[in-house]
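Structure first, commentary second.
The values are calculated or read from the model by the stated rules, or taken from the named source; none is laboratory data. From a predicted model like this one, the values you see are computed outputs, not experimental measurements. Heads up, the Cβs are rebuilt from the backbone with ideal geometry, glycines too, and the neighbour counts pull from every protein chain shown. Please note that ligands, DNA and RNA were not included when accessible areas were found on the heavy atoms of the full protein model with its side chains. Shrake-Rupley method; radii C 1.70, N 1.55, O 1.52, S 1.80 Å.
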Amino acid sequence: MAQTIGIDIGGANTKVASASGTARSFYFPLWRKNDLAGLLRCVKDDFKPERVGIVITGELADAFSSKKEGICSIVTAVNSVFSKPYYLNVRGELTQGIKENALLYAASNWAASAAFLAKSVKNCIFTDVGSTTCDVIPIQNRRAIAQTRDFERLRQHELIYMGVLRTNIATILRFVNFSGKKYRLSTEQFSITADVHHVLGNIDETDYTCDTPDSKSRDLDACYKRIARVLLCDVNELGKENTHEVAKQVERAQINELAEALAFQAQTHELQTVIGAGLGEFLIAKAALKVGLEFRPLSSQYGRALTRVFPAYAVARLIQNR
C-alpha cells in the first residue's frame, strides 16, 4: 500500500505520523526563521510518502507579519518539497492546495483529530493537551461543533492557551500559598510548565523537548532552581519542599482550568465522555475525574507515541480512507 503521512506544522513543533503508525516529532521553532523546506525534505527522505496531508498551526509565529503571510509561507515550503499535498481546513475539508480563504487553513490541527475521531465515536468531548495549548472539542452526533476561529474558541472554552511544556507558570498562578500565607509570583519567564511536570514526575527529561528559560540543563536540580526563581529565591532559600509545593499548585491550577472547560462543554452539549490525547493526557484524566466525567485515553487504543502527534496521524488516516 502507498505510504501516506500527515504533518502538523506548528509554531514550536512539527509532528509527523504515517497512516501505518510511525510517529516523529521535531522541536522546530518557526519564529527563528528556520529552514522549514529543509526539514520537510528530511521527512520526505525518511518516510518516502506517496500521499501527504498537512495541517497548519504555526501561522502566528513571530517570523510572519500576519496569519495570512504565515499560511502562505508554510504552504510555499510544503509545495516546494511535496507533489500535490492535501491540506485540511477548519471545516474538516481536505483539498489539494489552498482553496478560497487561506485563513480557513489556520490552526486546523484540532479539526483533523475531531473529524477522524467522529467516524468512530458519536458523542464525546475530544481533548488534546500538548506542549503549548489545550483543545476541548465537543463532538455531537459524529460531528465536531466547535467554532472555526481561535478567537471564538477562546471564548467558548474550546481553546485554553496553556500546555505541559512551554507555558510560563506565572501566567497560570498569581499567588502561591505556604502555611496560609499568600506570595505573589514574579512574572519574568523564570520557569515553565515543563519544569513543573518534570519535578512532579508527570514527564521525564526526554519529554522536555523545548528550550529551557535559562538555556541550561533539563535535569531535576535545574528544574527546581528555575521554579524557586519565580519566588525570587534559590532552592536552599525557599526550601525544596516549598519549591515542590509550588509545582503542585501550578498543576492544580491547570487541572481546575481544564475541568471548568470540560464542565462547560458537558453541560452545554449534554456530553458525558472525555476522550483525551497529547503529552498532557494525565491532566485530562485528573480534570475529567474532578467534574465526574468518564475518561477514555486514546493512548490505550493507539499508543502514547501516536496520541502525542494525533492531528498528524488523523490527517494521514483521513487521506488513506478517502
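Assorted remarks:
- Once the chain from LYS48 to TYR27 is taken as fully extended at 0.36 nm per residue, the excess over their C-alpha distance is 5.5 nm.
- Of the peptides 86-92, 291-297, 307-313, the ranking by mean beta-carbon count within 10 Å, highest at the top, reads 307-313, 86-92, 291-297.
- Along the axis of the charge dipole computed for the chain (Cβ charges of +1 for Lys and Arg, -1 for Asp and Glu, origin at the Cα centre), the listed residues THR167, PHE178, ILE275 are led at the positive end by ILE275.
- Protection proxy ranking of 279-290, 149-160, 115-126 - average other beta-carbon atoms within 10 Å, highest first: 279-290, 115-126, 149-160
- Separation in nanometres of the label points that stand 7 Å from Cα toward Cβ, at LEU154 and SER20: 4.2 nm
- Those aspartates and glutamates that a straight Cα-Cα span of less than 18 Å connects to LYS84, excepting residues fewer than 8 apart in one chain: ASP8, ASP45, GLU50, GLU93, GLU100
- Per-residue [θ]222 nm for the chain (sum of -39500 (n - 2.57) over DSSP H runs n ≥ 4, rounded to 500): -11000 deg cm²/dmol
- Efficiency of FRET from Cβ geometry, ALA253 and SER179, R₀ 25 Å, rounded to 0.05: 0.85
- Spin-label pair ARG296-ASN141: with each label point 7 Å from Cα along the Cα-Cβ axis, the two points sit 2.0 nm from one another.
- Per residue, the range 24-176 exposes 46 Å² of accessible surface when a 1.4 Å probe is rolled over the protein heavy atoms with every protein chain present.
- Fraction of accessible area attributable to carbon and sulfur, the chain (%, probe 1.4 Å): 45 percent
- Pair-distance profile P(r), taking every C-alpha pair of the range 74-141, with 5 angstrom steps and integer %: 3, 15, 23, 20, 17, 14, 6, 2
- C-alpha center-to-center spacing [the range 237-312, the range 49-69] in angstrom: 27 Å
- Calculated on the alpha-carbon coordinates, the convex hull of the range 188-322 measures out at 136 cubic angstrom per residue.
- Mean accessible surface per residue for the range 180-322, computed with a 1.4 Å probe while every protein chain stays in place, in Å²: 47 Å²
- C-alpha long axis of helix 281-290 to longest principal axis of the chain, angle in °: 70 degrees
- Where labels lie 7 Å past Cα in the beta-carbon direction, separation of THR95 and LYS216 in nm: 5.0 nm
- Checking the Cα-Cα distances for LYS122/LYS248; LYS182/LYS286; LYS15/LYS240 against a 28 Å cut-off, the pairs over it are LYS122/LYS248; LYS15/LYS240.
- For the range 109-165, convex hull volume per residue from C-alpha positions, Å³: 68 Å³
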